[in-house]
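Asker: Take this structure, written in structure tokens, and hold onto it; I'll ask about it next.
The values are calculated or read from the model by the stated rules, or taken from the named source; none is laboratory data. Bear in mind the structure is a predicted one, so any value in this text is a computation, not a measurement. Because the Cβ atoms are built from the backbone with ideal geometry, glycine has one as well, and the counts that use them run over all protein chains shown. SASA here: full protein model, heavy atoms, side chains in, ligands and nucleic acids out. Shrake-Rupley method; radii C 1.70, N 1.55, O 1.52, S 1.80 Å.
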Amino acid sequence: TDLRPLDILAEVVPANGLGHSMRVFQVQGIRGFQLTASRPRALSFPASRLFIHCDRFPEEFSVIVTLRVLNVPAKRNEYLFTLMAEESHNVLVGLRYSPNKLHFLFWSQERSNGWQTRVTFRNVSLSDNQWHTLILAVSGQSFSLTVDCNVPNDVVVETPFPNSLSVKRASFYLGNRRRRKGLFTGLLRQLVLLPGADATPRICTSMNFKVTTLSVPAILHDLPMKPASNEVLKYPYETDMKVTLGSRPPCTKHEKAHFWFNASQRGLYLCNGSTWISMLEAKKRLDYVEEYQNLVTNSETMGLEVFTIPKVGLFAATANRYTPPGSAIYKWTDGKFVPYQNIPTYQAQSWKYFTIGKKIFLAVANLEQNDRGQEYSVIYKWSHRKEKFITYQRITTHSARDWEAFVIEGEAFLAVVNHREGNNHNIDSVIYRWNPRTGLFETNQTIPTSGAYDWEFFTIGPYSFLAVANTFNGTSTKIYSHIYVWLSGSFQLFQSILTFGAADWEVFHIGDRVFLAVANSHSYDSGTSVPSNFYAINSSIYELNITAQMFVKFQDLLTYSALDWEFFSVGDDSFLVVANSFDGFTFSVNSIIYRWQGYEGFVAVHHLPTVGCRDWEAFNTTEGSYLLYSSAKEPLSKVLKLKTT
């Protein structure tokens, strides 16, 4: 058939750089990935990204692999890839290598009583420090392995490959089976699934059979050129990789696939034709924070959103209070944010950047009505032709505070926080589902909320969660905020946590531990004999207890009308910064950076002078790491640079 190749390897390559999970190595003039992830899930993706129109694995197919195997110890198995259901430890489909053997694994519920079937190809010797291309063709009970386009090794087994293998809620894992044991230690250049056909005639047309390709990630395409006199050659395997030393060189199509070593920052970067992408950096430690840029805004800023548009650049959107002049988008240019586009908004509270396929969107939450008495929030779409955001869809909202965008089982959703309708704070917030046919968001579910400020979406294993920060029910801020879990096509209540004017939830991971921090802004209760009104109150960090299947309190931190938490990392260190906005007397209060200290929890390490601090955003460029904070009390936001040692 003419079905398109499905490039499993390319799906795992991060769009914003390789990070620490994959490294590019070159051997014998050919590039491949070495997998270095300590967490196997860093090398995974949902099967729905490949099987868009059907959640069934093809009945007939070929798997094409180009690899270089290291010497594998006796009795050791290394996985090239697996397909696993999220709720099970069973391998639905997998390929693994042991000394002189290749094993193809598949799960057949109907024919094998729920047992895994293993098809073994013997006398497959790959540990010769050479590149090899394998073609595994599967059809019913017939399994054929071709190595470097030599004579096929055919095996017929009793159990046929299933004709209806569901991949719903399943994920591909590259080089592992969802655990560290069995991680592939060699180099991978190509891993492609070709539905419906034996790929051997299509592949075996090149003279260099060992590295013939059907589909290879772009970063592995080009071969380096000969070095100039001001360059050094340095590579773990061979001296044919180009590395430029010194100050930042240009990165254009002529430097594509070249490396630059920044000695001052101890960083290794790869040119992708336009931008230097971080490949490997020395572990840094935060030393101090310095003011880097005063960003004058249209008016007081209630929220921030920092985002990157591929091949365009880094941007920051500010949600500003007044119209005119509305809110603004700034572009990072020559190491600073500069004005890029103004957008009419009505007491904007927040922005949310998200993508659906190749479409790029930016949604604003408007608190107030427009000049004609209409109350709605707006989704804007990026125009590649005009290189700016244009109006795409208006959605009726009620004093909207926040948008949250997320994907569940391949479907896109957008949730709005409705704060109040008139004087009624106990109203519904709404979750919208993207309709691919109409190209619009449509109401999917409503959830009762109380003066809510924030949604926070997160996943734990196969489960999807949505937490709402309830702030005020009309008489008190001492109310329950709720965490919902996605079950049977809708969000259902999972846990309720008592909060005090909750303004923000922030979920983060440290190692295998999952935390959820709430920013408590205000303790107020008009129902007591002496009404309470406190701003200096504890905000809390909760940790997921797997055994109890709930979040339990881990730590309290004294905050001053906290409105936002932001989690970020520098090297191996983890940090939280809080937006303290008001202590009951003044808006000029310090916001604080806390560092993770293990058993001590989070400990304050930096006190940052802020005025009515409303929001924090952390971001990185090739020049360093930064924090951006907004002020709800003055038309001035600030970029702070994190100085490291």
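Asker: Can you say whether residue 120 is modelled with pLDDT of 90 or more, of a type in the set (Val, Ile, Thr) and within 33 Å of the chain's Cα centre (by Cα), as far as the supplied structure shows?
Answerer: no
Asker: Quick check on residue 468: is it without any contact (Cβ under 8 Å) to a residue 40 or more places away in the chain and under 24 Å from the mean Cα position of the chain (by Cα)?
Answerer: Judged against the criteria, residue 468 is not a match.
Asker: Separate question: Within 23 Å of residue 186 (Cβ to Cβ), of a type in the set (D, E, K, R) and out of contact with any strand residue (DSSP E or B) (no Cβ under 8 Å at 6 or more places or on another chain): which single residue out of 68, 49, 39, 76 fits that description?
Answerer: 39
Asker: Of the residues 465, 472, only one is in contact with a Phe, Trp or Tyr (Cβ under 6 Å, 6 or more places away or on another chain) and aromatic (Phe, Trp, Tyr); which?
Answerer: Exactly one residue qualifies, and that residue is 465.
Asker: Another question about this same structure. Residues 238, 255: which one is at pLDDT 60 or above, among the charged types (D, E, K, R), more than 27 Å from the chain's Cα centre (by Cα) and assigned to a loop (DSSP other than H, G, I, E, B)?
Answerer: Going through 238, 255 in turn, just one is at pLDDT 60 or above, among the charged types (D, E, K, R), more than 27 Å from the chain's Cα centre (by Cα) and assigned to a loop (DSSP other than H, G, I, E, B): 255.
Asker: Identify the residue in segment 415-436 that is touching a Ser or Thr at 6+ places or on another chain (Cβ under 6 Å) and assigned to a loop (DSSP other than H, G, I, E, B) and, among all such residues, is nearest to residue 349 (Cα to Cα).
Answerer: 419
Asker: Let me ask something additional. Quick check on segment 123-135: of everything there that is farther than 22 Å from residue 26 by Cα and among the β-branched types (Val, Ile, Thr), which residue is nearest to the chain's Cα centre (by Cα)?
Answerer: Checking each candidate, the answer is 135.
Asker: Of the conditions (1) of a type in the set (A, V, I, L, M); (2) within 22 Å of the chain's Cα centre (by Cα); (3) at pLDDT 85 or above, residue 279 clears all except one; give me its number.
Answerer: If we test residue 279 against (1) of a type in the set (A, V, I, L, M); (2) within 22 Å of the chain's Cα centre (by Cα); (3) at pLDDT 85 or above, just (3) comes out false.
Asker: Which one of these does residue 472 not meet: (1) outside any loop (DSSP other than H, G, I, E, B); (2) farther than 14 Å from residue 491 by Cα; (3) open to solvent by 40 Å² or more (accessible area, probe 1.4 Å)?
Answerer: Of (1) outside any loop (DSSP other than H, G, I, E, B); (2) farther than 14 Å from residue 491 by Cα; (3) open to solvent by 40 Å² or more (accessible area, probe 1.4 Å), only one is false for residue 472: (1).
Asker: Please determine whether any residue of segment 360-378 is of a type in the set (Lys, Arg), farther than 30 Å from residue 171 by Cα and either outside the structural domain of residue 466 (by the TED database) or open to solvent by less than 70 Å² (accessible area, probe 1.4 Å) (or both).
Answerer: The answer is no, given that none of the residues of segment 360-378 is of a type in the set (Lys, Arg), farther than 30 Å from residue 171 by Cα and either outside the structural domain of residue 466 (by the TED database) or open to solvent by less than 70 Å² (accessible area, probe 1.4 Å) (or both).
Asker: Just to check your reading of the model, which residue among 92, 70 is at pLDDT below 95, within 32 Å of the chain's Cα centre (by Cα), surrounded by 13 or more Cβ atoms within 10 Å (Cβ to Cβ) and in a loop (DSSP other than H, G, I, E, B)?
Answerer: Only one candidate passes the filter, namely 70.
Asker: Same structure, new question: Among 483, 460, which is open to solvent by less than 30 Å² (accessible area, probe 1.4 Å), within 25 Å of the chain's Cα centre (by Cα), in contact (Cβ under 8 Å) with a residue 12 or more places away in the chain and within 23 Å of residue 41 (Cβ to Cβ)?
Answerer: Every option except 483 fails the conditions.
Asker: When you go through 129, 163, 150 one by one, which is the residue that is farther than 30 Å from residue 71 by Cβ, in the same structural domain as residue 76 (by the TED database) and either assigned to a loop (DSSP other than H, G, I, E, B) or not β-branched (Val, Ile, Thr) (or both)?
Answerer: 163
Asker: Something else about it: What single numbered condition from (1) over 18 Å from residue 330 (Cα atoms); (2) part of a strand (DSSP E or B) fails to hold for residue 619?
Answerer: Of the numbered conditions (1) over 18 Å from residue 330 (Cα atoms); (2) part of a strand (DSSP E or B), the odd one out for residue 619 is (1).
Asker: If a residue must be outside any loop (DSSP other than H, G, I, E, B) and more than 22 Å from residue 85 (Cα to Cα), how many such residues does segment 114-126 contain?
Answerer: Here the count works out to 3.
Asker: Could you check how many residues of segment 330-346 are in contact (Cβ under 8 Å) with a residue 24 or more places away in the chain and under 21 Å from residue 291 (Cα atoms)?
Answerer: Residues in segment 330-346 being in contact (Cβ under 8 Å) with a residue 24 or more places away in the chain and under 21 Å from residue 291 (Cα atoms): 5 in total.
Asker: Continuing with the same structure: Name the strands (runs of 3 or more DSSP E) wholly inside segment 500-566 in which the number of residues that are open to solvent by less than 60 Å² (accessible area, probe 1.4 Å) and touching a strand residue (DSSP E or B) at 6+ places or on another chain (Cβ under 6 Å) is 2 or more.
Answerer: Answer list for segment 500-566: 502-510, 513-520, 523-525, 536-545, 550-560.
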